[in-house]
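*Asks:* I am attaching a structure below and will ask some questions about it afterwards.
All of the numbers you see were taken from the coordinates with simple rules; none came from a lab. None of the values given here were measured: they were computed from a predicted structure.
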Amino acid sequence: MLLAFFMRCGDNMMNFKTAGLFCVLMSSLPLLGCAEQKPLSNQEKWQKFCKAYEVASYYMMSDRQHNVEREKAITHVEKLPEGPQRDMMIAAVKAAYQVPKYDQLEDKERAMDEFKQGKYQSCLNQPH
């Protein structure tokens, strides 16, 4: 499935960043066939999602700073199952595209780091 996703993305290098975001998001979903692991509580599932949300926020801003179109970024997030997590991800993408796009690499990296900061804690504070 993941290979098919990469094949659809084409040769554009920025699609690898978007693909990375998609991989992070998909890894926050429960894995099937892992009977050895104890089931996660709802709180543990939310904490796992919040960690993925923090990492994904960095890549959302990376996409923004590297000219990935807003609608393309939203389209990838819309592949997630409907629910509060997907809504939060879509809102984060929209927020990332409210930040100016910078020309200097140092400014781009600072924007990515700043956008990521506080996302984990703010996510934990959300009703779920």
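*Asks:* Pairs 48/72; 72/94; 48/108; 51/79; 45/119: which exceed 21 Å Cα-Cα? Spell out each step's value before the answer.
*Replies:* Details: 48/72 25 Å; 72/94 11 Å; 48/108 27 Å; 51/79 19 Å; 45/119 16 Å.
The answer is 48/72; 48/108.
*Asks:* Consider all pairwise Cα distances in region 79-118 and report the whole-number % of them above 15 Å.
*Replies:* 50 percent
*Asks:* Ratio to report: Rg/Rh of region 38-128, with Cα atoms as the point set and Rh obtained by the Kirkwood method; give two decimals.
*Replies:* Values: Rg = 13.7 Å, Rh = 13.7 Å.
We get a ratio of 1.01 for region 38-128.
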